[in-house]
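Have a look at the structure below, then the notes.
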Amino acid sequence: MSENVICRKTQEDLIKKFNSPPLYSIVIPTFNESENILKLIHEIKSSTIKDESYELIIVDDDSPDGTVGLIIKDFTEKSSFEVYKIRENIGIQSHQYYLIYPKQESQFYIKVIKRRERTGLISALYEGFKSSIGQYIIVMDADFSHSPTYISHMINEITSSDMDLVIASRYVQGGQIIGWTAKRMFLSRFATNLSKLIFGLSNVSDPMSGFFIVKRNVIRKMHFSTSGFKILLEILVRSKDLKIKEIPYTFYERALGSSKLNTKVTIDFFKGLYTLYKSNR
């Protein structure tokens, strides 16, 4: 596999291929998602709104299953794409950065960040935020629990109103969860209600959702605690007077790969709540 190596100036030149800079940045953290990632990229591209510009930013925590290698190999073998390995002056030297561009003019490109240090979900998303350039940022998971078919719905909701944040909610009327055990459902409800109680989030049904779209100016100067668990919760707690709308969606338990939920994740959640509570006092 041959890779082009470019500097940031050349990256900016490549972006000029677009009729306009990407309006939407879709940020996806990954860890051991080789079974899902190529299908997900295809479905996201198919679900985007025609005539709008997008960047898809995949932030991978050095997955042992070769998630990043699979992406690069697949697109390198496609004759309609070019793969560039970037030297990022603003990035972290130990990370690897890739740009995947269609050879013909298009409104969709992919950026892949392979991190050497596994420092958690929120730090991965924060890395994606810093690397993004869109006016709207969409956050979603890579395991198909968040269907790409909802992306255009969320975009329409935030662009046709004066909302700052649109949340895809499992718990608003019309939302549902498919594939969870009764124990998993109880734990999720408990975590949600506890978070709402501690931080007084009476206006949001699902502050633990991992699927939402937010205006860039909401998070532009926000600093996140990397010990946290859900970045939406931090946005809600650290922001004041946000205009928020929730839309119902169906959450599906992953079909491929293994769940990241374990005892460590549960402990990290309670630690994150405590850290967020202390910093917000």
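The values are calculated or read from the model by the stated rules, or taken from the named source; none is laboratory data. Nothing here was measured: the structure is a model prediction, and the numbers come from that model. Virtual Cβ from ideal backbone geometry, glycine too; neighbours counted across all protein chains shown.
Brief remarks follow.
- Taken together, the residues in the stretch 184-242 that are in a loop (DSSP other than H, G, I, E, B), out of contact with any His (no Cβ under 8 Å at 6 or more places or on another chain) and either closer than 18 Å to Val172 by Cβ or of a type in the set (Asp, Glu) (or both) amount to 12.
- In the stretch 158-172 there is at least one residue that is in contact (Cβ under 8 Å) with a residue 40 or more places away in the chain and in a helix (DSSP H, G or I).
- Any hit, the stretch 100-107, residues being modelled with pLDDT of 90 or more, in contact with a strand residue (DSSP E or B) (Cβ under 6 Å, 6 or more places away or on another chain) and either closer than 22 Å to Tyr136 by Cβ or assigned to a loop (DSSP other than H, G, I, E, B) (or both): yes
- Complete set of residues in the stretch 40-67 that are in a helix (DSSP H, G or I) and free of Cβ contacts under 8 Å to residues at least 24 places away in the same chain: His42
- Residue list for the stretch 176-207, restricted to those being small (Gly, Ala, Ser) and in contact with a strand residue (DSSP E or B) (Cβ under 9 Å, 6 or more places away or on another chain): Gly179, Ser188, Ser205
- Unique match (being modelled with pLDDT under 95 and in contact with a strand residue (DSSP E or B) (Cβ under 6 Å, 6 or more places away or on another chain)) among Asn32, Asn4: Asn4
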